[in-house]
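Here is the structure we will look at.
The values are calculated or read from the model by the stated rules, or taken from the named source; none is laboratory data. Computed from a predicted structure; not experimentally measured. No Cβ is skipped: glycine too gets one built from the backbone with ideal geometry, and neighbour counts run over all protein chains shown.
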Amino acid sequence: MKLLLVNANTNTFVTDTVAAAARKCASPGTEILAVTSPFGAPIIESRAEHAIGTYATLALVAEHSEGCDAVIIAVSYDTGLAGARELLSIPVVGMTEAALLTACMLGGRIGIVSFGRRVAPLYRELVASYGLTDRVGGWRVIESAAPYRPGGRDGIRPEIATQARDLIEKDGAEVIVVTGAVMAGMQADLQPELPVPVLDGITSGIAQAELLVRLGLKKAETGSYAPPGPRDLVNVTDAVSRAFAQA
């Protein structure tokens with residue numbers, strides 16, 4: 001099995017972090033290919049950058065998905081997920097989508113720890129788009145860029161654990177979701193410190209993608225996620241043009 005991890009940011013440190021965590025949690029024999037956008041924001045921190053990243057996602061999956069069995073969107077806003085899912089014939093999984101849906105199978109109230117007040121509304125809008133607002137028991141936002149620096153995750157882990165415990169004690173959270181692609185693999189580090197299940201998006205995304213591949217379900221042939229078919233597109237990449245022609 002071959003899985004494609006797509007980072008619509010330009011930050012290769014994030015891509016490397018995600019790829020390392022994915023290879024650690026993937027099943028034996030699963031190959032991981034991780035790609036980074038050549039344009040856009042180093043870290044998506046606004047709706048405008050998210051919009052740029054949506055096209056970056058489509059360009060990356062069009063260029064790199066051939067020969068892959070599934071795609072994982074390795075941006076925590078699940079940037080470009082819907083378009084990629086419509087365009088491709090293979091499963092496409094959003095990392096935060098995967099964490100949230102996995103959390104629904106583990107408990108009732110979900111507690112979410114995210115980074116940056118500026119982007120907190122983007123996460124709330126994403127959760128609402130999945131119809132899961134009522135499942136979220138509480139939010140905590142940490143204002144720190146430390147995880148985006150080498151070695152920075154270890155320094156911020158105690159604060160994540162503190163905020164997670166607060167969600168459990170004050171908001172009744174029964175499952176904790178830690179957002180952010182750069183937090184890939186943090187589940188294993190935090191779990192021994194907390195009394196409820198802890199999820200990160202990449203660990204959940206890899207497991208969900210492998211499950212969908214093994215189920216072997218067909219691509220929708222009707223409805224809004226059916227292939228869009230050939231279109232007259234102007235000034236897009238050759239790979240995107242070919243993807244539409246083949247859809």
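Things to note:
- Residues in the range 112-135 that are touching a strand residue (DSSP E or B) at 6+ places or on another chain (Cβ under 6 Å) and hydroxyl-bearing (Ser, Thr, Tyr): 114, 123.
Here's the yes/no breakdown for (1) in the same structural domain as residue 209 (by TED's automatic domain parsing); (2) without any contact (Cβ under 8 Å) to a residue 12 or more places away in the chain; (3) surrounded by 22 or more Cβ atoms within 10 Å (Cβ to Cβ):
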{"residue": "111", "(1), (2), (3)": "no, no, yes"}
{"residue": "144", "(1), (2), (3)": "no, no, no"}
{"residue": "155", "(1), (2), (3)": "no, yes, no"}
{"residue": "166", "(1), (2), (3)": "no, no, no"}
{"residue": "171", "(1), (2), (3)": "no, no, no"}
{"residue": "176", "(1), (2), (3)": "no, no, yes"}
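- Unique residue being aliphatic (A, V, I, L, M), in contact with a strand residue (DSSP E or B) (Cβ under 8 Å, 6 or more places away or on another chain) and within 29 Å of residue 164 (Cβ to Cβ) when the list is 72, 90: 72
- Candidate set from the range 140-164 (those that are among the hydrophobic types (A, V, I, L, M, F, W, C) and touching a Leu at 6+ places or on another chain (Cβ under 9 Å)); member that is farthest from residue 12 (Cα to Cα): 164
- Candidates 133, 96 - the one that is crowded, with 17+ Cβ neighbours inside 10 Å and touching a helix residue (DSSP H, G or I) at 6+ places or on another chain (Cβ under 8 Å): 96
- For residue 146, the test of being within 18 Å of the chain's Cα centre (by Cα) and of a type in the set (A, V, I, L, M, F, W, C) is failed.
- Residues that are crowded, with 24+ Cβ neighbours inside 10 Å and touching a helix residue (DSSP H, G or I) at 6+ places or on another chain (Cβ under 6 Å) within the range 200-213 comprise 200, 201, 202, 203, 204, 205, 206, listed in sequence order.
- Of everything listed in (1) touching a Gly at 6+ places or on another chain (Cβ under 9 Å); (2) touching a residue at least 60 places away in the same chain (Cβ under 8 Å), the single unmet condition for residue 56 is (2).
- For the range 115-139, the set of residues classified as in contact (Cβ under 8 Å) with a residue 60 or more places away in the chain, of a type outside the set (A, V, I, L, M) and either part of a helix (DSSP H, G or I) or touching a Leu at 6+ places or on another chain (Cβ under 9 Å) (or both) consists of 118 only.
- Candidates in the range 215-247 are the residues that are among the charged types (D, E, K, R) and in contact (Cβ under 8 Å) with a residue 40 or more places away in the chain; of these, the one that is farthest from residue 29 (Cα to Cα) is 242.
- Condition broken by residue 240, with the remaining ones in (1) over 22 Å from the mean Cα position of the chain (by Cα); (2) over 18 Å from residue 93 (Cβ atoms); (3) not assigned by TED's automatic domain parsing to the domain that holds residue 137 satisfied: (1)
- The requirement of being touching a Lys or Arg at 6+ places or on another chain (Cβ under 6 Å), touching a residue at least 12 places away in the same chain (Cβ under 8 Å) and in the same structural domain as residue 215 (by TED's automatic domain parsing) is satisfied by residue 68.
- Taking (1) closer than 23 Å to residue 173 by Cα; (2) in contact with a strand residue (DSSP E or B) (Cβ under 8 Å, 6 or more places away or on another chain); (3) not aromatic (Phe, Trp, Tyr) in turn, residue 84 satisfies each apart from (1).
- In the range 195-223, of all residues being modelled with pLDDT under 95 and of a type in the set (Lys, Arg), the one that is nearest to the chain's Cα centre (by Cα) corresponds to 219.
- Residue among 176, 202, 168 that alone is within 17 Å of residue 19 (Cβ to Cβ) and among the β-branched types (Val, Ile, Thr): 202
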